[in-house]
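Asker: Encoded as structure tokens, here's the structure I'll be asking about.
The values are calculated or read from the model by the stated rules, or taken from the named source; none is laboratory data. Note that the structure is a prediction, hence the values are computed from the model and not measured. So basically every Cβ, Gly included, is an ideal-geometry build from the backbone, and we count neighbours across all protein chains shown. Heads up: the accessible areas ignore ligands, DNA and RNA and are worked out on the full protein's heavy atoms, side chains in. Shrake-Rupley method; radii C 1.70, N 1.55, O 1.52, S 1.80 Å.
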Amino acid sequence: MYKYSMQDYNQATMAKAVGVSLPISMKHSREICEFVKHKNVQKVKVMLDKVQETELAIPFTRFNKNIGHKPGMAAGRYPVKAAAEIKKVVENVEANAQFKGLNVNSLVIVHACAKLAPRPFRFGRQRGRKMRRAHVEIIVRESEPKKGSKEDKHNPIKKQSAQKP
């Protein structure tokens, strides 16, 4: 289910947001979720803005049949509508993390997945066509500073906790 076991992380250092029944393609949302995994939230928001302006292409790894090459990658596209909806979910998870008291600048996306949502029929006389719908789930956590980095040396909280045991 999860790539990382949820017991491995402290629940207090994590935040979650779910976009339910978003009007976007399941295939586009899956490729965007694969693209944003393990990246900083601030960088992801900038990347999704560039996708909306068609400056940055999303690499398509699974659903790439008959998709043309883009500069610097094999198959890729600019899923503008899906990028806009997923950016809203990323902003929601950032707000949830801020409410929990997490450092917003050091948030990393640990888990991002897209799932099929119920597909109702379109309204009117569209010959029984169904709508595109997807659920998107994003979980973030605070990234710890690397050992031996400048942030670790100058952080007084880390020094106090190290002296207590």
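Asker: Summing Lys, Arg as +1 and Asp, Glu as -1, what charge do residues with Cβ under 9 Å from the Cβ of Glu137 carry, Glu137 excluded?
Answerer: On the way: positive: Lys16, Lys115; negative: none.
Net charge around Glu137: +2.
Asker: With respect to the cross-link table entries Lys27/Lys70; Lys88/Lys147; Lys81/Lys146; Lys45/Lys70; Lys37/Lys100; Lys27/Lys130, which display a Cα-Cα separation exceeding 27 Å? Write down the numbers at each step before the final one.
Answerer: On the way: Lys27/Lys70 18 Å; Lys88/Lys147 33 Å; Lys81/Lys146 36 Å; Lys45/Lys70 21 Å; Lys37/Lys100 21 Å; Lys27/Lys130 15 Å.
Listed pairs above 27 Å: Lys88/Lys147; Lys81/Lys146.
Asker: Less than 15 Å Cβ to Cβ from Leu102, Lys/Arg counted +1 and Asp/Glu -1: what total charge do the surrounding residues give? If you can, show how the numbers build up before the last one.
Answerer: On the way: positive: Lys16, Lys100, Arg141; negative: Glu91, Glu94, Glu142, Glu144.
Neighbour charge sum, excluding Leu102 itself: -1.
Asker: At 0.36 nm per residue, and after removing the present C-alpha to C-alpha distance, how many nm does the segment from Asn66 to Asn105 gain when stretched out fully?
Answerer: Values: separation 39, 0.36 × 39 = 14.04 nm, distance 3.86 nm.
Taking 0.36 nm per residue and subtracting the Cα distance, the gain is 10.2 nm.
Asker: Rounded to the nearest 10 Å², what accessible area does His38 have for a 1.4 Å probe in the complete protein model?
Answerer: For His38, solvent-accessible area is about 90 Å².
Asker: Right, here's the next one. Could you tell me the accessible area of Leu22 in Å² (1.4 Å probe, neighbours in place), rounded to the nearest ten?
Answerer: Result for Leu22: roughly 20 Å² accessible.
Asker: Quick one: with all protein chains in place, what share of the accessible area of region 10-91 is carbon or sulfur, to the nearest percent (1.4 Å probe)? Don't skip to the answer; put the middle values down first.
Answerer: Working: 2210 of 4330 Å².
About 51 percent, which is the carbon plus sulfur part of the accessible surface.
Asker: A follow-up question, please. Please report the net charge: other residues with Cβ closer than 14 Å to the Cβ of Phe63, K and R +1, D and E -1. Walk me through the intermediate numbers first.
Answerer: Values: positive: Lys27, Arg30, Arg62, Lys65, Arg77, Arg132; negative: Glu31, Glu34.
Result for the local shell: +4.
Asker: By accessible area of protein heavy atoms, probe 1.4 Å, what ranking do Ser21, Ser106 get, highest first? Mind dumping the intermediate values first?
Answerer: Details: Ser21 45, Ser106 25 Å².
Result, largest first: Ser21, Ser106.
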